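The values are calculated or read from the model by the stated rules, or taken from the named source; none is laboratory data. Since the model is a prediction, treat every value here as computed from it, not as a measurement. Every residue, glycine as well, gets a Cβ built from its backbone with ideal geometry; the counts of neighbours run over all protein chains shown.
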Amino acid sequence: MGLFDTVKHYKNQNYTALKKECVEKGTLFIDSEFPPDDRSLFFTKDKIQGVVWKRPKQICDDPKLFVEGASSGDVSQGHLGNCWFVAASSCLAEFKEIWHKVIPDAKGQEWNAEQPENYQGIFRFNFWRYGEWIEVVIDDFLPTINDKLVFIHSQSLNEFWSALLEKAYAKLFGNYESLDGGELSEALEDFSGGVSDTVDLVGDGVATNVEERTALYSRLHKDMNRKSLMAASIPATSQAEMEASTDVGLVKGHAYGITEVKNIHLEGSGLFGMFNRDKIPMIRLRNPWGKCEWNGAFSDGSPEWNKISKSDREKIGLTFQDDGEFWMTFEDFCKYFVQVCVCRTVNTSFLSLTRTWHEGLAHGQWKNPDRAGGCFNNRDTFLKNPQYSFDVTKEEDEVMIQLCQKSTRLQAGSTNHAIGFTVLKVELNRRYRVHDANLQEKVVSSKFRDSRSMFLRQSMKRGRYVIIPCTFEPGKEGDFLLRMYTDSPNNFKALEHDVPGGSWWNCVSKQPVMVTNIKVMRATDLQKQDAQGADPYCVISCEGEKVTTHLCPNTLNPEWKEAALFYRKDPRGSPIKIQIWNSNVLRDQYMGKHVFMNADETNTIAQEVGLVGRKKESSQPRQGKLLVQITQSSNLMQI
């Protein structure tokens, strides 16, 4: 399915139908859903005095949507604290395949001086919103003071795509004031439908740790080549620091678009001796103000550029203009910047020739009293949160998880909750909600912040996992979107039910009376089966259900640490059986088994047990020992 196969109409406004209506009436479009007055500017009046709404034709003689295409220089910040959105728009301009989707049919929306009758003063833009694409329709009235645009504007006075884009985005959130303050990751995601990740350069020690810095450069270089949207910032620690310039020309409380990450070759031995290398990792950024640039090494016109060949300077498009765009060494970048935001456009189309991901997606809700339990620190309530299971079906897989709370920008003074999530490794066959976190392995927890979204990238081994998205404090209500991606199929699903039951068949069939968690820890001193020893795995079975652990290659002392969960209808008549097998190409070899007859309730206990043969040899001991942990209860919501 293509990215824009299904686009919903915001406020039920259909661009094609509205434009046709204007043609038939011979009028220019006026948007009643986002009127050209103070209601569309602020939550309260009098924020900015003297605003007059004008159409582009009233501002200049030859208005254009684009002048010589889109570029990062087309986006300059106005009288609004939305540098996060400005920087994201600057990034957007660098990736044509993305802005062509955000600004569909750009040619058809352009002014045509030869056919003025085809212009109806109506534009449309597409934004990604929590798993779906929304078409936002606007008129072309823009707020001005003294015939100059109040907010975002282009360096070309007759170019209006960035101003109209900002207006459509403001409409999506209610008004222009709702864009005053935000996070770069929000706009990058809304432009691309991608998955954002914020890197803390200071907290991760990137500036002082060469290995961390090298690894980050490698990731950013790959992300840039994969058409990711990226930006960086130096957060202000007080209101007085907002928009304050540092000694090196960088501005605090400001978001810079990253437009290139590149190794640049050095010319001559002088600089090679200085840096002790023949090429240097560098990064190019753009200040959305269009001015105020870095003034350190490799700044515009600095002598370091004399050590870069003319051909290489031409290849990277080097210009020395006061346009807000500049280069830095990656080392200086990590020294002076604090945060980097990367928005990856994740490919899930299996018709593509490039790498594809398997996606799991769910819309959820934190709601009192049963689904708003707070973070892992709240042990009594944590498991009351929504729960989602997924499988890692490879021996090891890279997993990306993003939790996004649905915005409350539409209300003045609204704030985000502090959100995050925890991942538990659970029984291989778990199909119902987790009730005891102590029996599960806590794999990882994200950080908790009052951001719109939280992201985690983690390598995980084969098995079944449960993601528990939550607010930091219990009792906080809200809606969210959870997305996760793996390299292999992941069987992602919401765990809705606490225990088995609910179907008509359960009314007449025998109900479970006991729940058992049995964890196979390891085996020791198994009998050698082949030249390399053995490739053992376990099959755990009970009442017709079988669960198979992963295989441990070339060992007689395997460690599995994997569990199975059984809801048992006849615990005294149907015991649990664990068989150990040696994997072979033609036919697997039986190595031994143990049958657990105990049907009494018990807290977690570890048992080391012996192994016996099959069928007629079931009374004959086999070489080796098996260590297991068993927990079972007649309360089905105990485990």
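The table for this structure:
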{"read-out": "Of the criteria (1) buried (at least 24 other Cβ atoms within 10 Å of the Cβ); (2) over 19 Å from residue 255 (Cβ atoms); (3) in contact with a Cys (Cβ under 6 Å, 6 or more places away or on another chain), which one residue 138 fails", "value": "(3)"}
{"read-out": "Check on residue 499, crowded, with 20+ Cβ neighbours inside 10 Å, farther than 20 Å from residue 462 by Cβ and outside the structural domain of residue 406 (by TED's automatic domain parsing)", "value": "no"}
{"read-out": "Test: residue in the range 181-202 that is over 23 Å from the mean Cα position of the chain (by Cα) and at pLDDT below 90", "value": "no"}
{"read-out": "Residue selected from the range 54-91 under the condition among the hydrophobic types (A, V, I, L, M, F, W, C) and touching a Leu at 6+ places or on another chain (Cβ under 7 Å), by the criterion nearest to residue 196 (Cα to Cα)", "value": "88"}
{"read-out": "Selected residue (criterion: modelled with the lowest pLDDT) from residues of the range 600-620 that are assigned to a loop (DSSP other than H, G, I, E, B), surrounded by 12 or more Cβ atoms within 10 Å (Cβ to Cβ) and more than 45 Å from the chain's Cα centre (by Cα)", "value": "614"}
{"read-out": "Output for the range 235-255, where each listed residue is at pLDDT 85 or above and surrounded by 18 or more Cβ atoms within 10 Å (Cβ to Cβ)", "value": "250"}
{"read-out": "Filter pass, residue 548 being in the same structural domain as residue 623 (by TED's automatic domain parsing), surrounded by fewer than 20 Cβ atoms within 10 Å (Cβ to Cβ), closer than 26 Å to residue 461 by Cα and of a type in the set (Ser, Thr, Tyr)", "value": "yes"}
{"read-out": "Options 154, 185; residue that is touching a strand residue (DSSP E or B) at 6+ places or on another chain (Cβ under 8 Å) and crowded, with 24+ Cβ neighbours inside 10 Å", "value": "185"}
{"read-out": "Candidate set from the range 286-315 (those that are part of a loop (DSSP other than H, G, I, E, B) and modelled with pLDDT under 75); member that is farthest from residue 86 (Cα to Cα)", "value": "292"}
{"read-out": "Residues (of a type in the set (S, T, N, Q) and either crowded, with 21+ Cβ neighbours inside 10 Å or part of a strand (DSSP E or B) (or both)) located in the range 420-439", "value": "422"}
{"read-out": "Residue, surrounded by the most Cβ atoms within 10 Å (Cβ to Cβ), within the range 554-585, restricted to residues that are touching a Leu at 6+ places or on another chain (Cβ under 8 Å) and more than 22 Å from residue 429 (Cα to Cα)", "value": "556"}
{"read-out": "Whichever residue in the range 339-386 is of a type in the set (Ser, Thr, Tyr) and farther than 16 Å from residue 433 by Cβ and, among such residues, is modelled with the highest pLDDT", "value": "345"}
{"read-out": "Complete set of residues in the range 425-460 that are under 19 Å from residue 374 (Cβ atoms), in contact (Cβ under 8 Å) with a residue 40 or more places away in the chain and acidic (Asp, Glu)", "value": "436"}
{"read-out": "Close pairs from the range 615-626: first in the same structural domain as residue 525 (by TED's automatic domain parsing), partner part of a loop (DSSP other than H, G, I, E, B), Cβ under 6 Å, at least 6 apart", "value": "620/613; 622/613; 623/527; 624/525; 624/526"}
{"read-out": "Restricting the range 37-54 to residues that are assigned to a loop (DSSP other than H, G, I, E, B) and either modelled with pLDDT of 95 or more or of a type in the set (A, V, I, L, M) (or both), the residue that is nearest to the chain's Cα centre (by Cα)", "value": "41"}
{"read-out": "Qualifying strands (runs of 3 or more DSSP E) (wholly inside the range 88-153; at least 3 residues being under 22 Å from residue 62 (Cα atoms) and touching a residue at least 24 places away in the same chain (Cβ under 8 Å))", "value": "122-129, 142-145"}
{"read-out": "Sole exception among (1) in contact with a Phe, Trp or Tyr (Cβ under 8 Å, 6 or more places away or on another chain); (2) in a helix (DSSP H, G or I); (3) surrounded by 21 or more Cβ atoms within 10 Å (Cβ to Cβ) for residue 217, by number", "value": "(3)"}
{"read-out": "Any chance residue 118 is over 23 Å from residue 227 (Cα atoms) and either in contact with a helix residue (DSSP H, G or I) (Cβ under 9 Å, 6 or more places away or on another chain) or aliphatic (A, V, I, L, M) (or both)", "value": "yes"}
{"read-out": "Residues located in the range 10-58, provided they are more than 24 Å from residue 109 (Cα to Cα), in contact with an Asp or Glu (Cβ under 7 Å, 6 or more places away or on another chain) and either touching a residue at least 12 places away in the same chain (Cβ under 8 Å) or crowded, with 16+ Cβ neighbours inside 10 Å (or both)", "value": "41, 42, 43, 47"}
{"read-out": "Tally, over the range 586-599, of residues that are outside any strand (DSSP E or B) and either under 22 Å from residue 527 (Cβ atoms) or touching a residue at least 60 places away in the same chain (Cβ under 8 Å) (or both)", "value": "4"}
{"read-out": "Checking residue 408 against (1) outside any strand (DSSP E or B); (2) modelled with pLDDT of 95 or more; (3) within 20 Å of the chain's Cα centre (by Cα), the condition it does not meet", "value": "(2)"}
{"read-out": "Qualifying residue in the range 65-73 (condition: charged (D, E, K, R) and either surrounded by fewer than 22 Cβ atoms within 10 Å (Cβ to Cβ) or not assigned by TED's automatic domain parsing to the domain that holds residue 33 (or both))", "value": "yes"}
{"read-out": "Residue match in the range 362-375 (condition: of a type in the set (A, V, I, L, M), touching a Gly at 6+ places or on another chain (Cβ under 6 Å) and assigned by TED's automatic domain parsing to the domain that holds residue 484)", "value": "yes"}
